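The block underneath contains the structure these notes are about, expressed in structure tokens.
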Amino acid sequence: MSDLGIRPITRLEEPRKRRIGAFGGIEYVQYDGIFSGRTSTGKFRVPYRIAAPVNPEKGNQTVLVEPPHFNIALGARVFYLGEEFLFSRGFSHAGVGWSTTSFDGRNRRILDPTVPGVFIHGGFIEENGRVDDEIISEFAEALKIDRIARRILGDIERRSITGFSDSSDPVLRLITSGLAEGVFDFALPFTAFGHDPQAAISAGLYDGKIIVVNSEFEGASSEFVDRGIALN
């Protein structure tokens, strides 16, 4: 949200599409396009990818949003939760580029680095690129109201978010900054570390459900130990 209280204008451009198969008897299509607009800190033009039932009425009216990991992009969809688990239950999945930073040439945070004309002008500088977490929350908002998103997804009742290791960082930052409030009903950051969400929850910055799984290091993570300061 901008300083003037006016919601930034964002939109999904018309995507390419291809069928990706049937899961539990539900036929799915993958849509690849461009999400563009302006967050409260600057303009952006980034790739998006949505996987949804061919017939939106076959879905469960829930979309899982995933910020891409710098090395393996949408790994929660492909490797960890898996397409069979998600799609046979009617979930839709949506990923969007959120950072132009690369690490030793690995730059999948932008989702598809081969797409021309991609940029992020807002957010903050990290290493050799920029990071704008607000793109993720604006994308999730657009999934409910954008004309193209509604054609692809139908009526969405629930929006969840997940990320792992590198991509758990923006998930937790969205929670702790208040940018997830009113956008995501449930958050599942895993192999996560840092960005303790408990103070934000107790301050009313997020009232959805959250499960944090830390398996990145051995031993308990002090940031995530329940200190009894928030109920969620």
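Report the FRET efficiency, 1/(1 + (r/R0)^6), for residue 125 and residue 78, where r is their Cβ-Cβ distance and R0 is 30 Å, rounded to 0.05.
0.55
Give me the distance in nm between label points sitting 7 Å out from Cα along the Cα-to-Cβ direction at residue 43 and residue 181, one decimal.
Reported label-point gap for residue 43 and residue 181 is 3.1 nm.
Per DSSP H run of n ≥ 4, the term is -39500 (n - 2.57); total these for the chain, divide by its residue number, and report the mean residue ellipticity at 222 nm rounded to 500 deg cm²/dmol.
Numbers: 5 runs with 39 residues, N = 232.
After summing the helix terms and dividing by the residues of the chain, the value is -4500 deg cm²/dmol.
Could you tell me what percent of the DSSP beta bridges with both partners in the chain are antiparallel, to the nearest 5? Provide the component values of the computation, followed by the final result.
Details: 33 of 49 bridges.
Just about 65 percent of them are antiparallel.
Find how much the distance from residue 30 to residue 88 grows on full extension, using 0.36 nm per residue of separation minus their present alpha carbon separation; answer in nm with one decimal.
Net length gain for the segment: 19.4 nm.
Taking only the alpha carbons of the chain, what extent do you get along each of the three principal axes, in Å, biggest first?
Result for the chain: principal-axis Cα extents of 45, 39, 38 Å.
Say the dipole of the stretch 10-210 comes from +1 at the beta carbon of Lys and Arg and -1 at that of Asp and Glu; which of 37, 202, 162 then lies farthest toward its positive end?
Highest projection toward the positive end goes to 37.
Per-residue counts of other Cβ atoms within 10 Å, averaged by peptide: what ranking do you get for 188-194, 131-137, highest first?
131-137, 188-194
Quickly work out the residue 211-to-residue 20 label distance, labels modelled 7 Å from Cα along the C-beta direction, and quote it in nm with one decimal.
A separation of 2.2 nm, rounded to one decimal place.
Given the C-alpha centroids of the stretch 16-71 and the stretch 103-117, what is the distance between them in whole angstrom?
17
Note down the nm distance, to one decimal, between modelled labels 7 Å out along Cα→Cβ at residue 102 and at residue 58.
3.8
We did not get these values from a lab; they are worked out from the coordinates using the rules stated. Note that the structure is predicted; figures quoted are calculated from it, not measured. Glycine gets a Cβ as well: all are built from the backbone with ideal geometry, and neighbour counts include every protein chain shown.
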